[in-house]
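Heads up, the thing below is written out as structure tokens.
The values are calculated or read from the model by the stated rules, or taken from the named source; none is laboratory data. Just so we're clear, the structure is a prediction, and the values are computed from it rather than from any experiment. As a convention, Cβ positions derive from the backbone with ideal geometry for all residues, glycine included, and neighbour counts pool all protein chains shown.
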Amino acid sequence: MKRWLLPALLVLIGLTGVAQAAETPVEITLWHQFNYAERVVLEKQLEEFNRLHPEIKVTSLYRETEELRSGFQNSALAGRGPEMIHGPSDQVGPFAIMGIIKPLEGLFGEAERDSLNPQALVWFEDHLYQVADRFGNHLTLVYNKALVPEPPTTDLELIQIGQELTKDTDGDGKVDQFGLTWNFTEPFFFIPFLGGFGGWMIDDQNRPTLDTQANRDALQFVQDLRDKYKITPQNADYETAHTLFNEGKAGMIINGDWSWATYIENGIDIGVTRIPKITKTGLWPTPIVSPRGYSLNRNLKEEKLDATLTFIRFMLSYDQQKALAAQTGIMPARTALRDDPVISDNPIMTGSLEQIEVGKPMPVVPELRAIWDSMRPFYQAVLGGTITADEAATGMQKTAERKIAEMNTVIQPAPYVPVLYGIALLALVALLWFSRHSFGQFVRDARKRPFIYWMVVPAFVVIFLTVVYPFLYNVVLSMSNMGLRNFFDWDVVGFQNYGKVFLEPGFYGVLGKTIIWTSVNLVFHVGIGVFLALLLHRVLPGRGLIRMLLILPWAVPQYITALTWRGMFNTEYGAVNLIIAKYFSMPIVNWLGSPVEAFTACILTNIWLGFPFMMIVALGGLQSIPHQLYEAADIDGASPWQKFKNITYPLLKPVMTPSIILGTVWTFNNLNVIWLVSNAGEPSDQTHILVSFVYKSAFNLYRYGYAAAMSMVIFAILLVFGIFFLKRARAVEPVY
Amino acid sequence: MVKNKWPTRILIYAILLVFVLIAVYPVIRVASISLRPGDRLLSTSLALIPPDATLDNFRILFTERPFLRWVLNSTIVSFAVTLFGVALASTAGYIISRYKFVGRTTAMLSILTTQMFPATMLLLPMYIIISRLNLINTYVGLIVVYSATALPFCVWTMKGFYDTIPSSLEEAAMIDGCNRFQAFYKVVFPLASPALVITGLFSFISSWSEYLVAAQVLQDPVMYTLPLGLKQFQQSMSTEWGLYAAGALVVSIPVIGLFLFANRWLVGGLTLGGVKE
């Protein structure tokens, strides 16, 4: 490339940017996680805003909560991102610590703040970081008026009504109507009871407070509802609980404001009221109330600030807040609206408001995420019947303390870091020095035979273009202390992260599971794939149709099929259990509730997803085998097995080898299936493979340096495997 | 190709039937979600056609959501990746199969290693580099990344397939007056059609269904590809399941179509037999 070309191009790009900036409206972007009903309202609000303020153009982008978080972090780190984000308050603490959102107290005056519910102003370490325009995510008791005419107000009434409702309505010996149901797997749904027994998960010093009598009582209470009073189903994750209520098979459900519209849409006459009072303490259960609102990006440009604030003020105005409440049933932040008929005349809204009154605000500190991750496995284990409430409370506390310490630790640079740079430099020099002959040969060879290099080089340039930088970035990251408290200004600190990986008690068990996961999957993928390809290679009428049906698992998007499999593994209603009970007369299996079975369920799902690919590759490979070879073998009187061994196998091998190696690598790193089928490692984080373990235990808790180190270890394992396998298979060499 | 007697045939059909049932059943469950009104992912009944079945989700998909726009966007991206990927892989794979040159083994091994690093960790640096290159919100960025991810498999598979084609074929062509490139693309390239189908399908399906990178690169809803579009139906705890399932089914139709179209080159097209060793 000519030397002047690049700067010239950059200038050109710069100029077009300047030219565009003049006279066009100020463009601002909002990233949000609104549900569909909210999005419909937002569209109308944007139209209205555009009419009032033609000088401002607002673009909105929906992202699912977790992706909003990670997407915003990435873009803010790269110096870009939307001007503002709208999300739940629990992301405020981490964002503020990372330094990717701006303090707002100087931008919103006192009068303005006073018009909002105080809980809508989210402060963290003496700064205002979020101004909420709506409340939500609080759990309430939702009851089906057809089954529960008068809702319970105390736990005793709850149990009594529940017991009347829980019965076998069609006389097949199985309970098919329940008094109460809710998501058993998420501690978020347990928190109201923790509060009801007088406890809470975190104190004002951000320390976990889980080793308490209140926690033991609450755990015991939840377990008793199912095992002693038998008013809830044996196993219910969110979707199961939701389905039971939606189909009129549960009288009451504990669920949040996002779900009410669906129930109404499905024709259920619902009522919304407080979760019943706990008699033992005389306290109302305390669901978490989470404001959702606006925060400003640290990269927000000064000239766009006014436009951004204008938009937020518009959204906080009385009329817009009223439209939101009227059309979505979501509680607005403006206090004056409480007396507006839109709320006061709507029994669901007033029920919701009553629940908010006894709820507690969502803690916004990052420690909360570590607490959730610590509560979840123990909570699931209590309900799985493997540990007692007492053991769980102790275990939760210990784990939470450890995770919080890990999350907040900032590793100090080791004294040998300068030496590390020296070694890296030396290694680079040595590498160049020792490869100088190869380089020389390469250049000479390329000059001599340009044809060869022209055909090969483009592919490699494209591959390495996109991978080299990210890879080197991770190498450096793995030796750094990048994390929650060092998001921008991290340092290279040495090999401490690697040390932690190998000292991590869970690591070796997870590695073992990963190896089982990978090998079992691969054996079945390749075995079934080749077997089917051999059958389909024969002359058979209708094989085109069969082939088409057999690739369906590859063609339909994985996300939905994996979740469908999860549904099929449901203990009581899933197709798998119904089939094995009906046609094979075998005892039913609690697939998703116990570790080994849940892991098997993941493997079965992944085998289903993966065999068509291997089948297609094998089918293609079989085409390359000249049939004269088989004819010659027939003349020699060879048996089918001899033909397979001496003709099919050696000629199929070169075509299958790359798929087998890459299939292994992909399966080893397959996060999706585990995540979807076992719902991120359930039960009790017992179904993790290495990648999902990295994601959950490191990446999720902002430990980026540590996550990078773990990923490097994964890379090293696969590298060793790859080299070993290729050597054995002699895949680089031709066959003929 | 092997011909069989009837008893063997019945056995083969029976086996295939079992696998077809296993392959199809979950997809039928997805279809029944798409027919259910009111966003119900699960059902306590095993009925495949729900009593209150409706095609509303399909109607909403096509009329109330920009679904066709997503289809168009994804088609552009996926075809570009497929053409680009297959073109690069078929040439590179050929050379690697036929010639010994400096750096060959290293190159082959190193492209495999690019697949070994967990993808989640690559997203942040990839975002940084794409945004530095000003490729955010462009298909160019997406197409390059997708090709780079699909290429290692494609190059290796092409190479493996070329390995099974005897090189005496090109030698004969070159004696007949072809140059090296002509010998490649007139003689060997058509014979490699099954591998072209495999790599083409692979490139297509992987870019057709890719989500993670697309979510980083595309930040303008008008440019959304299908996976990003379908993801719009998904919200924490209030997913529009009916639409999602309907969308997922419609999305797989082009894949099936492409497969049927490519079928004749995958199986039963040109077969080897021109050479006797």
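Taking the range A:152-167 as the range and being touching a residue at least 24 places away in the same chain (Cβ under 8 Å) and not in a loop (DSSP other than H, G, I, E, B) as the test, the residues that pass are A:Thr154, A:Asp155, A:Leu156, A:Glu157, A:Leu158, A:Ile159, A:Ile161, A:Gly162, A:Gln163, A:Leu165. Would you confirm whether or not the range B:85-97 contains a residue that is under 24 Å from the mean Cα position of the chain (by Cα), closer than 27 Å to A:Ala562 by Cα and in contact (Cβ under 8 Å) with a residue 40 or more places away in the chain? Checking the range B:85-97: not a single residue is under 24 Å from the mean Cα position of the chain (by Cα), closer than 27 Å to A:Ala562 by Cα and in contact (Cβ under 8 Å) with a residue 40 or more places away in the chain. Listed here are the strands (runs of 3 or more DSSP E) enclosed by the range A:41-136 that have at least 2 residues being within 20 Å of the chain's Cα centre (by Cα) and within 14 Å of chain B (Cβ to nearest Cβ): A:56-62, A:84-88.
Evaluate the following for A:Met331: is it surrounded by 22 or more Cβ atoms within 10 Å (Cβ to Cβ) and under 26 Å from A:Phe34 (Cβ atoms)? Don't jump to the end; show me each part of the working.
On the way: surrounded by 22 or more Cβ atoms within 10 Å (Cβ to Cβ): yes; under 26 Å from A:Phe34 (Cβ atoms): yes.
Yes; evaluated as a whole, the condition is true for this residue.
Criterion first (under 30 Å from A:Val655 (Cβ atoms) and outside any helix (DSSP H, G or I)) does B:Val27 satisfy it? Can you show your working first?
Values: under 30 Å from A:Val655 (Cβ atoms): yes; outside any helix (DSSP H, G or I): no.
Answer is no for this residue.
When the residues of the range A:14-71 are narrowed to those that are surrounded by 16 or more Cβ atoms within 10 Å (Cβ to Cβ) and among the small types (Gly, Ala, Ser), which ends up modelled with the lowest pLDDT? Across the range A:14-71, the extreme among qualifying residues is A:Ala37. Residues in the range B:166-189 that are closer than 21 Å to B:Leu201 by Cα and either of a type in the set (Ser, Thr, Tyr) or buried (at least 24 other Cβ atoms within 10 Å of the Cβ) (or both): B:Tyr185 only. Of everything listed in (1) of a type outside the set (Gly, Ala, Ser); (2) under 28 Å from A:Ser374 (Cα atoms); (3) crowded, with 24+ Cβ neighbours inside 10 Å, the single unmet condition for A:Val655 is (2). Only helices (runs of 4 or more DSSP H) whose full extent lies in the range A:395-511 are considered here, and none of them has at least 2 residues that are touching a Cys at 6+ places or on another chain (Cβ under 9 Å), assigned by TED's automatic domain parsing to the domain that holds A:Arg80 and closer than 30 Å to B:Lys159 by Cβ. Residue selection: B:Leu21 fails the criterion of being in a helix (DSSP H, G or I), within 13 Å of chain A (Cβ to nearest Cβ) and under 27 Å from B:Ala195 (Cα atoms).
Go through A:Asn206, A:Asn183, A:Asn246 for me and flag whichever is in contact with a Phe, Trp or Tyr (Cβ under 7 Å, 6 or more places away or on another chain) and either surrounded by 23 or more Cβ atoms within 10 Å (Cβ to Cβ) or more than 14 Å from chain B (Cβ to nearest Cβ) (or both). Lay out the reasoning, then the answer.
Values: A:Asn206 fails: in contact with a Phe, Trp or Tyr (Cβ under 7 Å, 6 or more places away or on another chain); A:Asn183 fails: either surrounded by 23 or more Cβ atoms within 10 Å (Cβ to Cβ) or more than 14 Å from chain B (Cβ to nearest Cβ) (or both).
Answer to the check: A:Asn246.
The set of residues from the range B:221-237 being in contact with a strand residue (DSSP E or B) (Cβ under 9 Å, 6 or more places away or on another chain) and among the polar types (S, T, N, Q) comprises B:Gln232, B:Gln235. Would you confirm whether or not the range A:623-642 contains a residue that is within 42 Å of the chain's Cα centre (by Cα), of a type outside the set (Lys, Arg), at the interface with chain B (Cβ under 9 Å from one of its Cβ atoms) and part of a helix (DSSP H, G or I)? Yes; the residues of the range A:623-642 include at least one that is within 42 Å of the chain's Cα centre (by Cα), of a type outside the set (Lys, Arg), at the interface with chain B (Cβ under 9 Å from one of its Cβ atoms) and part of a helix (DSSP H, G or I).
Identify, from the list A:Val617, A:Val589, the residue that is in a helix (DSSP H, G or I), within 26 Å of A:Thr514 (Cα to Cα) and not assigned by TED's automatic domain parsing to the domain that holds A:Gln177. Can you show your working first?
On the way: A:Val589 fails: in a helix (DSSP H, G or I).
Selected residue: A:Val617, the only one of A:Val617, A:Val589 that is in a helix (DSSP H, G or I), within 26 Å of A:Thr514 (Cα to Cα) and not assigned by TED's automatic domain parsing to the domain that holds A:Gln177.
Collect the residues in the range A:107-143 that are small (Gly, Ala, Ser) and either closer than 28 Å to A:Asn183 by Cα or at pLDDT below 90 (or both), keeping them in residue-number order. Give the steps one after another, and end with the answer.
Step one: filter the range A:107-143 for residues small (Gly, Ala, Ser), giving A:109, A:111, A:115, A:120, A:132, A:136.
Within the range A:107-143, A:Gly109, A:Ala111, A:Ala120, A:Ala132, A:Gly136 meet the criteria.
Against the condition more than 14 Å from B:Ala248 (Cβ to Cβ) and touching a residue at least 40 places away in the same chain (Cβ under 8 Å), how does B:Asp56 come out, does it pass? Judged against the criteria, B:Asp56 is a match. Within the range A:496-537, work out how many residues are within 30 Å of A:Pro418 (Cα to Cα) and loosely packed, with under 15 Cβ neighbours inside 10 Å. So the count comes out to 3.
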